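Chemist: Pasting in a structure now, in structure tokens, and then I'll have a few things to ask.
The values are calculated or read from the model by the stated rules, or taken from the named source; none is laboratory data. Just so it is clear, the structure is predicted and the values come from calculations on it, not from any experiment. For neighbour counting, all protein chains shown are included, and Cβ atoms are generated from backbone atoms with ideal geometry for every residue, glycine included.
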Amino acid sequence: MSYVDEIIEAVVAKNPSEPEFHQAVKEVLNSLRPVVDANEEKFRREALLERLVEPERQIKFRVPWVDDKGQVQVNTGYRVQFNSAIGPYKGGLRLHPSVNLGIIKFLGFEQIFKNSLTGLPIGGGKGGSDFDPKGKSDREVMAFCQSFMTELCKYIGENTDVPAGDIGTGAREIGYLYGQYKRLTGLYEGVLTGKGLSYGGSLARTEATGYGLLYLTKEMLKMNGIDIAGKTAAVSGSGNVAIYAIQKAQQLGVKVLTCSDSTGWVYDPDGIDVAALKEIKEVKRARLTEYKNYRPNSEYHEGRGVWTVKVDLALPCATQNELHLEDAKALAANGCIAVAEGANMPTTLEATEYLQEQGILFAPGKAANAGGVATSALEMSQNSERLSWTFEEVDAKLQGIMINICHNMADAAERYGFAKNYVVGANIAGFEKVVDAMLAQGVV
Ligand code: NDP
């Protein structure tokens, strides 16, 4: 059996009931076969893959808090510090009822390669809780965040582990978490990113993941002789990544026809109204059923369906495994030319393979959505030098980083004889730097 197959088998046996983690390990290791095969003897002696798939540290803790009725609630908190070979652990905190250890491990594992791809000195980690901020009062969210940070603060710091936002963790949650960290430690340091502008946040961080997705998509199309202007797109999700992806797409001349949330989706033939979407999601924290009140021409549908719309570009920006094989078939049948992942692992393995077989350009999340973490690293730099850069400065750096990532993934794919396979390219490009650092640092 090959080294890669042995490791995949061992991961499944050793980590039962963690299907998302298995999926991420399979996707990454399968695409690393050319590099692993070429270095098999050395990697086996160093147990390199065994070390890569085993987190350096996993922390799981109780998060008790009191709701508005005086009832005590208990959630589970997680922080997985996966790999610090190239820098302090960096990765978001997800607050969603679906969170479990396997999901945090899949996200942390992917984060290692994504962070490496940015070219910045950040290792991989991820955390979160099964707490659901939806429908909670501000006081309840604060009570949860303070309890969560009371435990988490023992394991993080500006030079060790720097968490950020993710699903369910936006500006409000980061603010409460930061306040509690400062109160407990007495340190005013850049321990979290995605902070508000009045206390150390970076301009353009809010927009970074969605904007970065479009910068990379534009470059990927350009490398293939296609102009992004004038194209149509389907976007899923209506959170942080989706909103700013739609905004930048429109600035680049793309007409975005859809968005969605966990209960339904919107089709707007005139193009999604970003101002309306922001008001519904960021101000009112309401459901997408409200969208029709702003745009009578639009349609609202219950359930899933964004990928059935005829578009040139598909940008999944909601959550993992939201684009299935039948969705990929529908996109291909409708003439879609490119899929770029704003979310983490939104496309199933079968759907990814199908899209690639059809010759549809496919940018994996670890490259396409790396703009968020890259700008988080820029926030860390600004915190260290106690300076704030302008929006234009940060945005220009973000564009440079995304264009670089795009070329790095394309070059790595080509070097190993997999031209235009950006999944292989992104994984190899991210892996090479991490492996180099791991081997240089000895058996740790
Ligand atoms: P948000 O919480 O702001 O938005 C998430 C969106 O996805 C919402 O519209 C939500 O709908 C929808 N959604 C969440 N879970 C599900 C589900 N199980 N089924 C259907 N829809 C769902 O999160 P973000 O925009 O920050 O994150 C979106 C994705 O992008 C995630 O995969 C995240 O890991 C990834 N990402 C985020 C980065 C960032 O900087 N924020 C950076 C890199 C990646 P509803 O409101 O109904 O729950």
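Chemist: Count, please, the residues in region 394-421 that happen to be touching a residue at least 24 places away in the same chain (Cβ under 8 Å) and farther than 12 Å from residue 216 by Cα.
Modeler: Going through region 394-421 one residue at a time, the tally reaches 7.
Chemist: Moving to a separate point now. Given the options 412, 343, 419, name the one that is buried (at least 19 other Cβ atoms within 10 Å of the Cβ) and more than 15 Å from the chain's Cα centre (by Cα).
Modeler: Of the residues listed, the single one that is buried (at least 19 other Cβ atoms within 10 Å of the Cβ) and more than 15 Å from the chain's Cα centre (by Cα) is 412.
Chemist: Can you tell me which residue is farthest from residue 138 (Cα to Cα) among those in region 238-275 that are small (Gly, Ala, Ser) and free of Cβ contacts under 8 Å to residues at least 40 places away in the same chain?
Modeler: The residue in question is 253.
Chemist: OK, next. Return the residues of region 337-362 that are free of Cβ contacts under 8 Å to residues at least 40 places away in the same chain, away from the ligand (no atom under 16 Å from the Cβ) and not in a helix (DSSP H, G or I); say none if nothing qualifies.
Modeler: The answer is 358, 359, 360.
Chemist: Another one. Restricting the first residue to region 87-103 and requiring it to be under 18 Å from residue 318 (Cβ atoms) and touching a residue at least 60 places away in the same chain (Cβ under 8 Å), which pairs with a second residue that is within 11 Å of the ligand (Cβ to nearest atom) and hydroxyl-bearing (Ser, Thr, Tyr) meet a Cβ separation below 6 Å and a spacing of at least six or different chains?
Modeler: These pairs meet every condition: 93/169; 95/169.
Chemist: Sort out for me the helices (runs of 4 or more DSSP H) sitting completely within region 160-273 that have 1 or more residues that are among the charged types (D, E, K, R) and in the same structural domain as residue 284 (by TED's automatic domain parsing).
Modeler: In region 160-273, the matching helices (runs of 4 or more DSSP H) lie at 205-223, 240-251.
Chemist: Something else now. On the given criteria, is residue 319 within 16 Å of the ligand (Cβ to nearest atom), more than 17 Å from residue 238 (Cα to Cα) and not assigned by TED's automatic domain parsing to the domain that holds residue 25?
Modeler: no
Chemist: Only one of these conditions is not met by residue 21: (1) assigned by TED's automatic domain parsing to the domain that holds residue 155; (2) within 16 Å of the ligand (Cβ to nearest atom). Which number is it?
Modeler: Of everything listed in (1) assigned by TED's automatic domain parsing to the domain that holds residue 155; (2) within 16 Å of the ligand (Cβ to nearest atom), residue 21 misses just condition (1).
Chemist: Inside region 203-227, can you point out the residues that are away from the ligand (no atom under 16 Å from the Cβ) and without any contact (Cβ under 8 Å) to a residue 60 or more places away in the chain?
Modeler: Result: 218, 222, 225, 227.
Chemist: Where the second residue is more than 12 Å from the ligand (Cβ to nearest atom) and part of a helix (DSSP H, G or I) and the first is within 18 Å of residue 189 (Cβ to Cβ) and lies in region 155-179, which pairs have Cβ atoms under 6 Å and are six or more apart or on separate chains?
Modeler: Close Cβ pairs satisfying both conditions: 176/142; 176/145; 177/145; 177/149.
Chemist: Just for region 149-159: of the residues that are part of a helix (DSSP H, G or I) and out of contact with any Leu (no Cβ under 7 Å at 6 or more places or on another chain), which one is farthest from the ligand (Cβ to nearest atom)?
Modeler: 151
Chemist: Restricting to region 254-272, and then to whatever is of a type in the set (Ser, Thr, Tyr) and more than 23 Å from residue 337 (Cβ to Cβ), can you tell me which residue is farthest from the ligand (Cβ to nearest atom)?
Modeler: 263
Chemist: Which members of region 363-414 meet the condition of being among the polar types (S, T, N, Q) and either in a helix (DSSP H, G or I) or in contact with a Gly (Cβ under 7 Å, 6 or more places away or on another chain) (or both)?
Modeler: Answer for region 363-414, where residues must be among the polar types (S, T, N, Q) and either in a helix (DSSP H, G or I) or in contact with a Gly (Cβ under 7 Å, 6 or more places away or on another chain) (or both): 369, 375, 376, 381, 382, 383, 384, 399, 404, 408.
Chemist: Would you say residue 376 is more than 16 Å from the ligand (Cβ to nearest atom) and more than 26 Å from residue 232 (Cβ to Cβ)?
Modeler: Answer is no for this residue.
Chemist: Search region 276-287 for residues that are within 12 Å of the ligand (Cβ to nearest atom) and of a type in the set (Gly, Ala, Ser) and pair each with any residue that is in a helix (DSSP H, G or I) and at pLDDT 95 or above when their beta-carbon atoms are under 9 Å apart and the residues are at least 6 apart or on different chains.
Modeler: 286/279; 286/280
Chemist: Just for region 228-243: of the residues that are among the polar types (S, T, N, Q) and within 8 Å of the ligand (Cβ to nearest atom), which one is farthest from residue 323 (Cα to Cα)?
Modeler: Step by step, filter region 228-243, then rank; the result is 240.
Chemist: A further question follows. Among the listed residues 292, 278, 366, identify the single one that is among the basic types (Lys, Arg) and buried (at least 17 other Cβ atoms within 10 Å of the Cβ).
Modeler: 366
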